[in-house]
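One structure below.
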Amino acid sequence: MSLELKEVSFRIGRELILDRVSLKLAAGRSLVVLGNSGAGKSKLLEVIAGLARNQEGRIVFKNRELTGQSTQERGIGFVFQDYALFPHMTARDNILFGLNARKASAAEKNKWLNAVTAELRIDHLLERFPAELSGGQQQRVALARSMVLRPEVLLLDEPLSALDAASRERLALLIKRIQKKYSVTMLYVTHDHNEARFMGDQVMVLDAGKVVQMGCPDAIFSRPGSRFVAHFTATRNILPGRIVKRDDNAGALLEFAGGSLRSLSFPEAKVEVWICLRPEHLVLVADQSGESELSVNRGEECVFANRLTGYRITQFIPQGGVTVLVELEKAGSRLMVFTASRKVEQGELVVGSEVELTVAADRVHCLPRQADDIYCQPYIS
């Protein structure tokens, strides 16, 4: 049982907004949709909800055809980015709007109003108007308005984008808990990568209305299928290199401007590659012991850890909280790595100092690099 989109397309005039989008999401699971502005994320939710009618393709949920049904018949909940609350109605009336339209009984309305508002911790705000509520409270009212209808599918269009960091975190935890508790099938649009990793059982990347990659969060962020996905998901370190040796047991040996690396993820038929290194996968080595063979534990397995030497710190970029982004350079090669800000504050790391790094071989991801790639840079030996 699942939600399926089969070759769904949507046009406005001659402009193709969604281009043969297909996906399959198991009932009760969550899918996060990522993409640049204008990629078609919001329109995808509108098409699924029936707010915009797709011109081609089919939408099916639990073997029930939704394609020709009205928005009301589909029974889908929608939480908008701007909350879309009625300003002249109290929180109570906003929440009960859909149940009133259904002509639900007083007993049913009270039952679900009490249950959902208690869950969302807004039962003390029911007599207030939207203008009297904070952004986070308004978003909870909007979520409650959808949840009292007990939708099997819930669509959320950047629901936390207008909130401060603390409110975003609290509400994200709440949405995830409710989604799991009620086994709601959820599609969640966001620009925030941390939200995507936390909220999604699956992540889908859209570009110009096309699905460019879909998979579990770790696959999308650690094993991007294209240079576009690698760049979009903030891989940050995307370096031109080449495969100089292949070994079925030890992976591939790569050369690039900053040294050499062993990788367990590489294209078989290509020599010229893009080397993708996420900054959180690179580790600054505190003690330069000179050991050439390092490894990290992966459950019951030990994975070879590459050592990179000769890099110098060029700047620190604060990230907020306890993390800082460190920029390193060596012979024209630049790397970005996350580390604890206390190391900078305590003087363990200073601009100009030379450092060593390690990165596990299973964290070095390679993509094929075409000769006519517009991003291609000359290989530096």
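The values are calculated or read from the model by the stated rules, or taken from the named source; none is laboratory data. Treat the numbers as computed from the prediction; the structure is a model and nothing was measured. All Cβ positions, even for glycine, are placed from backbone atoms using ideal geometry, and neighbour counts span all protein chains on display.
Quick check, is Glu73 among the acidic types (Asp, Glu), assigned by TED's automatic domain parsing to the domain that holds Gln202 and in contact with a Ser or Thr (Cβ under 9 Å, 6 or more places away or on another chain)? Criteria not met by Glu73.
Yes/no per residue for (1) touching a strand residue (DSSP E or B) at 6+ places or on another chain (Cβ under 9 Å); (2) at pLDDT below 90:
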position	(1), (2)
Ser265	yes, yes
Leu277	yes, no
Glu293	yes, yes
Arg298	yes, yes
Phe304	yes, yes
Arg312	yes, no
Gly332	no, yes
Ala371	yes, yes
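Please verify whether Leu45 is closer than 22 Å to Ala144 by Cα and surrounded by 13 or more Cβ atoms within 10 Å (Cβ to Cβ), treating the condition exactly as stated. Criteria met by Leu45.
Could you tell me whether region 155-165 includes any residue that is buried (at least 17 other Cβ atoms within 10 Å of the Cβ), over 30 Å from Ile12 (Cα atoms) and in contact with a strand residue (DSSP E or B) (Cβ under 6 Å, 6 or more places away or on another chain)? No. Among the strands (runs of 3 or more DSSP E) confined to region 218-283, the ones with at least 3 residues that are more than 11 Å from Arg363 (Cα to Cα) and either in the same structural domain as Thr309 (by TED's automatic domain parsing) or under 23 Å from the mean Cα position of the chain (by Cα) (or both) are located at 237-247, 251-256, 272-277. Scanning region 123-176 for residues that are aliphatic (A, V, I, L, M), under 27 Å from the mean Cα position of the chain (by Cα) and assigned to a loop (DSSP other than H, G, I, E, B) returns Leu160, Ala162, Leu163. Can you find a residue that is under 30 Å from Pro224 (Cβ atoms) and part of a helix (DSSP H, G or I) anywhere in region 107-122? No, the conditions are met nowhere in region 107-122.
Restricting attention to region 65-81 and to residues that are loosely packed, with under 12 Cβ neighbours inside 10 Å and assigned to a loop (DSSP other than H, G, I, E, B), the residue that is modelled with the highest pLDDT turns out to be Ser70. The lone criterion from (1) under 22 Å from Ala84 (Cβ atoms); (2) acidic (Asp, Glu); (3) out of contact with any His (no Cβ under 8 Å at 6 or more places or on another chain) left unmet by Glu158 is number (3).
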